[in-house]
Amino acid sequence: MSYELKLMQMKKLLKKTTNNSIEVEKIVKASAPSYEENWLAAGLTKTENVHGIVYERTILYDSNYKHGDVLLSKLNAAVNMWENFGEEHPLSPKILNKLVFFDTETTGLKGAGTLIFLLGFIEQIGSSFKLTQYVLPGPDHEPAFLYASKFWEKEKTVVTYNGKSFDIPMLETRWTMNRKVLPPLLKHEQIDLLHGSRRIWKDEIGAFKLTIIEEEKLGFYRDGDIPGHLAPIIYQDAVKNGRAEVLMKVLTHNEWDILSLVALYIRSTELLLGGNDSENATTHTNIGKWFADLKNYNRSRHIFENVIDEYGTDHPITHFHFGFIMKRDQMYEKAVFSFKIAAEKLSGRQRIIALEELAKLFEHKLKNLDLALMFTKKAIGYISSDTKLTKKFRASADFEFRKREIRILRKLFPGETQ
């Protein structure tokens, strides 16, 4: 019998049958905690459902509310952009679903005994936005707490930051622990903005903590925030001793997290679809590469062309990626032009790949074996001297280029022993 089942049996929620299997009894609602008055005085409200008690905090933000530099009311325009885009993308919402921004606070990072003690949501209601936070009174009230989320009621599109790896799996685990008394947890569409942020701002932001994104990309600075690692300690004190004043700071921390999700979703959408030019060449090149990886080559080409028009040859990594688009479109001369810039101005693995593409183009498409051989020999030289290359890549690339060199020489001098 698991630890949790033993606890439930001690609480007389379960009983052993004669064959040692576990049989669920009708759950009796847990009574209100002794510290209820303290929690209510701190600003929480009491809510009851069929499973028991949960404490709640709600805040309304009007259409003029600004989080950092971002107006929340721009969410409508962002959703419309995705609807008009009409193609699949990791950040595109399922139009028929309610769009909900979601974050949790937990008593730990992993383990069967880890509880979610705070569920936070923001959703748009008309022209305003509503924040709803549910606080767990204690383990006895977990079914009521999870039930209040309404994740069982209707399918949603849930926007999180690292939610695919943490928040949603944690929710699924806690739901499984209470599956005997809760309705089934629905499968919801997920948009994880951590993944999107890494794709958009790769090589520009050193770390992808949400607080860093807030300051560098949203213009939001937290004043008086508590460190996230203290949230479990504060919650446990609020449950043990009834002190809820500091607990409210945890709710504010969670509130800022979720408001940042809305702002970040708007900013990301504007960059991806709205032609927002406020970012630099690295960001726009990252976006073009993301669209290319999704096989949206037309949009990718357009983005790369805009960067090249503005920066010329000063941003060689754009030319590196643009070369592959031109090669795919059979515009081989343009591909050669871009790969030459990449080979001259980049280093490491990307320089070797650019030289390989040049050798391929001249050998197979442009039929200039002398140039194919020249770029092959250049690559072999860099492979032996470039300290940025890993040992594994160096060995593999050297083997392939030497095979290519032999093949080209045989084409140039048929019948001769090389």
**OP:** Using the structure shown, decide if ILE266 is in the same structural domain as ASP69 (by TED's automatic domain parsing) and out of contact with any Gly (no Cβ under 9 Å at 6 or more places or on another chain).
**Re:** yes
Original post:
(1) surrounded by fewer than 21 Cβ atoms within 10 Å (Cβ to Cβ); (2) at negative phi: which one isn't true of VAL250, the others all being true?
Top reply: (1)
Original post:
For segment 75-89, what are the residues that are outside any helix (DSSP H, G or I) and of a type in the set (D, E, K, R)?
Top reply: GLU87, GLU88
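Restricting attention to segment 69-84, which residues are closer than 16 Å to ARG222 by Cα and either within 20 Å of the chain's Cα centre (by Cα) or not assigned by TED's automatic domain parsing to the domain that holds LEU99 (or both)?
Keep residues of segment 69-84 that are closer than 16 Å to ARG222 by Cα, which gives 69-70.
VAL70, the sole residue that qualifies.
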Original post:
Among the candidates HIS229, HIS253, which residue alone is more than 18 Å from the chain's Cα centre (by Cα), at pLDDT below 95 and more than 25 Å from ALA77 (Cβ to Cβ)?
Top reply: HIS229
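Those residues that are part of a helix (DSSP H, G or I) and under 17 Å from ARG351 (Cβ atoms), I need them from segment 290-326; list them, please.
Matches in segment 290-326: PRO316, ILE317, THR318, HIS319, PHE320, HIS321, PHE322, GLY323, PHE324.
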Original post:
Out of all the residues in segment 189-212, is one or more within 27 Å of THR45 (Cα to Cα) and part of a loop (DSSP other than H, G, I, E, B)?
Top reply: no
Original post:
Which pairs have Cβ atoms under 9 Å, sit 6 or more apart or on different chains, and link a residue in segment 200-221 that is over 15 Å from LEU261 (Cβ atoms) to one that is polar (S, T, N, Q) and in a loop (DSSP other than H, G, I, E, B)?
Top reply: GLU204/ASN280
Original post:
With (1) in contact with a Lys or Arg (Cβ under 9 Å, 6 or more places away or on another chain); (2) surrounded by fewer than 22 Cβ atoms within 10 Å (Cβ to Cβ) as the list, and GLU333 as the residue in question, which single condition is left unmet?
Top reply: (1)
Original post:
When only residues in segment 105-123 that are farther than 20 Å from LYS240 by Cβ, surrounded by fewer than 21 Cβ atoms within 10 Å (Cβ to Cβ) and of a type outside the set (A, V, I, L, M) count, which is nearest to the chain's Cα centre (by Cα)?
Top reply: PHE121
**OP:** For segment 155-168, indicate whether the set of residues that are in a loop (DSSP other than H, G, I, E, B), in contact (Cβ under 8 Å) with a residue 12 or more places away in the chain, among the charged types (D, E, K, R) and surrounded by fewer than 23 Cβ atoms within 10 Å (Cβ to Cβ) is non-empty.
**Re:** yes
Original post:
So how many residues does segment 124-146 have that are part of a helix (DSSP H, G or I) and surrounded by fewer than 22 Cβ atoms within 10 Å (Cβ to Cβ)?
Top reply: 2
**OP:** Filter segment 169-186 for residues that are under 29 Å from ILE266 (Cβ atoms) and in contact (Cβ under 8 Å) with a residue 60 or more places away in the chain and give the result.
**Re:** MET170, LEU171
Subject >> Selected residue (only one of LEU369, LEU346, LEU355, LEU373 is in contact with a helix residue (DSSP H, G or I) (Cβ under 8 Å, 6 or more places away or on another chain), assigned by TED's automatic domain parsing to the domain that holds ARG299, surrounded by 13 or more Cβ atoms within 10 Å (Cβ to Cβ) and touching a residue at least 40 places away in the same chain (Cβ under 8 Å)) >> reply: LEU369
Original post:
Take the residues of segment 169-198 that are over 30 Å from GLU215 (Cα atoms) and hydroxyl-bearing (Ser, Thr, Tyr): which is surrounded by the fewest Cβ atoms within 10 Å (Cβ to Cβ)?
Top reply: THR176
Original post:
Quick check: is even one residue across segment 227-242 closer than 20 Å to VAL100 by Cα, surrounded by 15 or more Cβ atoms within 10 Å (Cβ to Cβ) and assigned by TED's automatic domain parsing to the domain that holds PHE85?
Top reply: no
**OP:** Can you confirm whether segment 266-281 contains a residue that is over 30 Å from GLN124 (Cβ atoms), at pLDDT 95 or above and buried (at least 19 other Cβ atoms within 10 Å of the Cβ)?
**Re:** no
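The values are calculated or read from the model by the stated rules, or taken from the named source; none is laboratory data. Bear in mind that the values here come from a model prediction, so they are computed numbers and not experimental data. Reconstructed Cβ throughout: ideal geometry from the backbone, glycine too, with neighbour counts over all protein chains shown.
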